[in-house]
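A.B. asks: The structure follows.
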Amino acid sequence: MLAGCGGGAGTGSQSATPQPSNNSGGSTGGASGATEKLVVAVVGPMSGQYSDYGSTAKAGAEYALKEKAEAFKALGFDVQLSAQDDQADPKQGVAVAQMLISNPDVVGVVGHATTGASITAAAQYEQEKLVMVSPSATGSDLTEQGKQIVHRICARDDQQGSKAAIFAKNQLNVKTAFVMHDKAAYGQGLAEEVKKQFEKDGVQVLGYEGVTAGEKDYSAIITQILAKNPEMIYFGGYYSDAGIIVKQAREKGFKGVFMGGDGYDSADMVKIAGAENANNVVFTSTVGDIGATEDGKKWITDFESATGNKVGIFTSFGYDSMGVMLNGLEEAIKANGGKKPTREQVLEAVHKTKDYKGKFVNVTFNEKGDNDFASVYVYKYEDGKKVFMGEAK
């Protein structure tokens with residue numbers, strides 16, 4: 001039950017152990033001259049095969065927090081980051097959520113990075129009114145369950161899947177496709193939306209199958225697919241499986257287009273598939289080309305110089321998610337007369353976010369917690385490198 005992921009190198013996990021304190025909501029911030037601690041958690045997979053997703057978002061969030069640290073100290077608060085590893089596992093997501101809830105200093109969560117862990121953790125956070133802002137959990141179900149605490153700045157899978165199919169038909173001139181997925185929330189959710197849009201637009205779907213993630217040999221399903229001779233294979237899943245499928249299909253003679261979602265966005269995709277095999281692999285993403293502008297290029301240079309980390313796909317959305325969280329936290333402190341706000345006050349302030357000018361995406365949350373400004377973009381691999389193709393329309 002994974003969802004919404006991006007590649008690139010990032011920092012590792014720096015897990016913070018919660019320390020008890022009094023969070024009555026009525027204590028004074030800077031009146032005594034001493035700063036009072038507030039904690040914002042960043043949660044995602046920081047270890048394992050999906051660690052790129054959590055670590056890149058964490059690196060961006062940490063950078064955003066450091067930029068705002070002095071402003072909060074002027075208000076009387078020391079805002080600290082607690083990075084937690086949920087291993088992209090729904091059960092571990094619950095364990096992390098319960099641990100964060102038990103620390104009264106924790107006033108918000110940037111994350112979780114994947115849909116499965118986000119959904120299970122959200123059920124815990126909802127009980128305690130602990131707000132979350134995900135940079136990358138794309139599963140449509142996340143914001144359809146009516147939980148007040150759930151927010152995300154990225155596009156949903158129903159947007160990403162349908163726009164991928166429209167792009168494939170209109171821009172890639174695809175007329176026949178075989179659609180497959182990894183049977184998980186993210187991959188299957190994308191595949192279902194792609195299949196639905198293809199059928200609506202008259203693209204012939206020659207087959208629709210699920211495979212087991214983590215397998216090393218997909219030759220049986222690949223042989224079945226090649227017998228149908230599709231122009232495109234759409235696989236909803238992650239680079240770790242997609243890379244193997246691409247490699248094995250190319251070795252069996254498939255020369256058509258591969259397509260998937262932001263789960264393909266990792267340098268390891270090319271390593272697994274091979275640079276030549278990865279040519280003509282196209283994928284959608286909820287994050288645009290942050291280096292397309294001079295301002296974006298400068299930010300990348302500044303970030304990499306300051307942190308020693310390379311920018312990954314969710315570094316930018318980790319940065320803007322933390323920006324949204326800190327903006328809400330600041331508003332909650334002001335609304336509470338400069339005193340330490342309650343979790344519910346922070347939730348209320350974050351939920352009211354409107355026309356927030358992020359560095360990479362503007363944010364206005366609707367009633368469900370989705371971002372009105374979220375978009376979908378398209379990339380491809382070419383000679384081992386990721387190439388931006390534009391917005392999916």
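A.B. asks: Checking the condition of a type in the set (A, V, I, L, M) and crowded, with 19+ Cβ neighbours inside 10 Å, which residue from Ala220, Ala185, Ala227 passes?
C.D. replies: Criteria check complete, one pass: Ala185.
A.B. asks: Is it the case that some residue within the range 242-255 is open to solvent by 50 Å² or more (accessible area, probe 1.4 Å) and of a type in the set (Val, Ile, Thr)?
C.D. replies: For the range 242-255, residues open to solvent by 50 Å² or more (accessible area, probe 1.4 Å) and of a type in the set (Val, Ile, Thr): absent.
A.B. asks: Still on this model: (1) out of contact with any Asp or Glu (no Cβ under 7 Å at 6 or more places or on another chain); (2) in the same structural domain as Ile222 (by the TED database); (3) open to solvent by less than 10 Å² (accessible area, probe 1.4 Å): which one isn't true of Lys200, the others all being true?
C.D. replies: The number of the failed condition is (3).
A.B. asks: Just to verify a result, which residue in the range 318-333, among those that are touching a residue at least 60 places away in the same chain (Cβ under 8 Å) and open to solvent by 10 Å² or more (accessible area, probe 1.4 Å), is nearest to the chain's Cα centre (by Cα)?
C.D. replies: Across the range 318-333, the extreme among qualifying residues is Tyr319.
A.B. asks: If Ala292 satisfies all but one of (1) in a helix (DSSP H, G or I); (2) within 22 Å of Ala155 (Cβ to Cβ); (3) open to solvent by 50 Å² or more (accessible area, probe 1.4 Å), what's the number of the condition it fails?
C.D. replies: Going through (1) in a helix (DSSP H, G or I); (2) within 22 Å of Ala155 (Cβ to Cβ); (3) open to solvent by 50 Å² or more (accessible area, probe 1.4 Å) one by one, Ala292 breaks only (1).
A.B. asks: Of all the residues that make up the range 270-288, how many are open to solvent by 10 Å² or more (accessible area, probe 1.4 Å), part of a helix (DSSP H, G or I) and of a type outside the set (Val, Ile, Thr)?
C.D. replies: Looking only at that region, the number is 4.
A.B. asks: Go through the range 215-252 and give me each residue that's of a type in the set (Ser, Thr, Tyr) and assigned to a loop (DSSP other than H, G, I, E, B).
C.D. replies: If the condition is that a residue be of a type in the set (Ser, Thr, Tyr) and assigned to a loop (DSSP other than H, G, I, E, B), then Tyr218, Tyr238 are the ones that fit.
A.B. asks: Do we have any residue at all in the range 362-383 that's more than 25 Å from Asp158 (Cα to Cα) and open to solvent by 20 Å² or more (accessible area, probe 1.4 Å)?
C.D. replies: Yes, some residue in the range 362-383 is more than 25 Å from Asp158 (Cα to Cα) and open to solvent by 20 Å² or more (accessible area, probe 1.4 Å).
A.B. asks: Another question, if that's okay. Just checking, which of Lys386, Lys297 is touching a residue at least 24 places away in the same chain (Cβ under 8 Å) and either in the same structural domain as Glu144 (by the TED database) or of a type outside the set (Phe, Trp, Tyr) (or both)?
C.D. replies: Result of the check over Lys386, Lys297: Lys386.
A.B. asks: Here is a further query. Filtering the range 73-130 down to residues that are in a loop (DSSP other than H, G, I, E, B) and touching a Phe, Trp or Tyr at 6+ places or on another chain (Cβ under 9 Å), which residue is most open to solvent (accessible area, probe 1.4 Å)?
C.D. replies: Gln87
A.B. asks: Filter the range 193-247 down to the residues that are of a type in the set (S, T, N, Q) and under 28 Å from the mean Cα position of the chain (by Cα), then identify the one that is nearest to Gly261 (Cα to Cα).
C.D. replies: Ser240
A.B. asks: While we're here: Exactly one condition in (1) in contact (Cβ under 8 Å) with a residue 60 or more places away in the chain; (2) under 22 Å from Asn173 (Cβ atoms) is not met by Phe258; state its number.
C.D. replies: Failed condition: (1).
A.B. asks: Which residues, counting only those in the range 131-150, are open to solvent by 10 Å² or more (accessible area, probe 1.4 Å), assigned to a helix (DSSP H, G or I) and out of contact with any Asp or Glu (no Cβ under 7 Å at 6 or more places or on another chain)?
C.D. replies: The answer is Asp141, and nothing else.
A.B. asks: Hey, any hits in the range 348-365 for a residue that's assigned to a helix (DSSP H, G or I), among the hydrophobic types (A, V, I, L, M, F, W, C) and outside the structural domain of Ala165 (by the TED database)?
C.D. replies: yes
A.B. asks: Please find, within the range 334-353, the residue that is surrounded by the fewest Cβ atoms within 10 Å (Cβ to Cβ) out of those that are charged (D, E, K, R) and within 23 Å of Phe373 (Cα to Cα).
C.D. replies: Lys352
A.B. asks: Could we say that Ile153 is touching a residue at least 40 places away in the same chain (Cβ under 8 Å) and open to solvent by less than 30 Å² (accessible area, probe 1.4 Å) here?
C.D. replies: So Ile153 fits the description; yes.
The values are calculated or read from the model by the stated rules, or taken from the named source; none is laboratory data. Every value quoted in this text rests on a predicted model; they were computed, and no experiment measured them. Please note: Cβ atoms are built from the backbone with ideal geometry, for glycine as well, and neighbour counts cover all protein chains shown. These area figures cover heavy atoms from the full protein model, side chains too; ligands, DNA and RNA do not enter into them. Shrake-Rupley method; radii C 1.70, N 1.55, O 1.52, S 1.80 Å.
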